[in-house]
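To start, the structure itself, in structure tokens.
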Amino acid sequence: MKKAKTTSRLKPAKGKSWTDKVNDDSKSEQVKRLEKDFADMPANSMMLIATPKIIDGYIRSVPKGKAISLQTMRKDLALAYRAEYTCPVTTGIFLRIVAEAAHEQLTAGKVLKSVAPFWRVVEEKSPLNKKLSFGPDLVIQQRKKEGISKEPVKKE
């Protein structure tokens, strides 16, 4: 029985680096009306589909020592782009792209304060933290260094 080939988790598909994916300006954000219920959003709602660059910018705006929940980020982005909701699926994908790009930049020698502080949004025990190619330790370490409690601040 042949062993299945595994793909490297160090680079994204299609040969682009994670940083290239964040900086890709070929696609812009979209606000769409939902035709049917989707995730936590009812039909006829206006939903934002952000971009990795928008997620990166939002994360960079979170002050040192503060944590923001993924739900809060989605609410804030929806308001900023005149939508009722932000797509949970693409937000999760783009958050991973931003986190992987930050790690890629750190590995290339950039200083910590120059990369997107994704650990302020990625929770220690989140499924995303377990999926990161570099493992969960960086998130845990940086949250501890910044004095971030395990539970992020939720703005209502």
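Scanning segment 93-109 for residues that are farther than 14 Å from Leu138 by Cβ and part of a helix (DSSP H, G or I) gives Ile93, Phe94, Leu95, Ile97. In segment 99-111, the residue that is surrounded by the fewest Cβ atoms within 10 Å (Cβ to Cβ) out of those that are among the small types (Gly, Ala, Ser) and touching a helix residue (DSSP H, G or I) at 6+ places or on another chain (Cβ under 6 Å) is Ala101.
Against the test of being buried (at least 17 other Cβ atoms within 10 Å of the Cβ), basic (Lys, Arg) and within 17 Å of Trp119 (Cβ to Cβ), the options Arg96, Arg60 yield a single qualifying residue, Arg96. Across segment 127-147, the number of residues qualifying as polar (S, T, N, Q), within 23 Å of Ile54 (Cα to Cα) and free of Cβ contacts under 8 Å to residues at least 40 places away in the same chain comes to 2.
Looking only at residues in segment 132-149 that are part of a loop (DSSP other than H, G, I, E, B) and surrounded by 15 or more Cβ atoms within 10 Å (Cβ to Cβ), which one is nearest to the chain's Cα centre (by Cα)? This residue is Leu132.
When the residues of segment 63-78 are filtered to those that are among the small types (Gly, Ala, Ser) and surrounded by fewer than 18 Cβ atoms within 10 Å (Cβ to Cβ), the one that is farthest from the chain's Cα centre (by Cα) is Gly65.
Please go through segment 25-46 and pick out each residue that is surrounded by 12 or more Cβ atoms within 10 Å (Cβ to Cβ) and within 14 Å of Thr90 (Cβ to Cβ). Selection gives Glu29, Gln30, Val31, Lys32, Leu34, Phe38, Met41.
Since every read-out is calculated from the coordinates, none of them should be taken as a lab result. For clarity, every value in this text was computed on a predicted model and none was experimentally measured. Quick reminder, even Gly has a Cβ in these numbers, built from the backbone with ideal geometry, and neighbours come from all protein chains shown.
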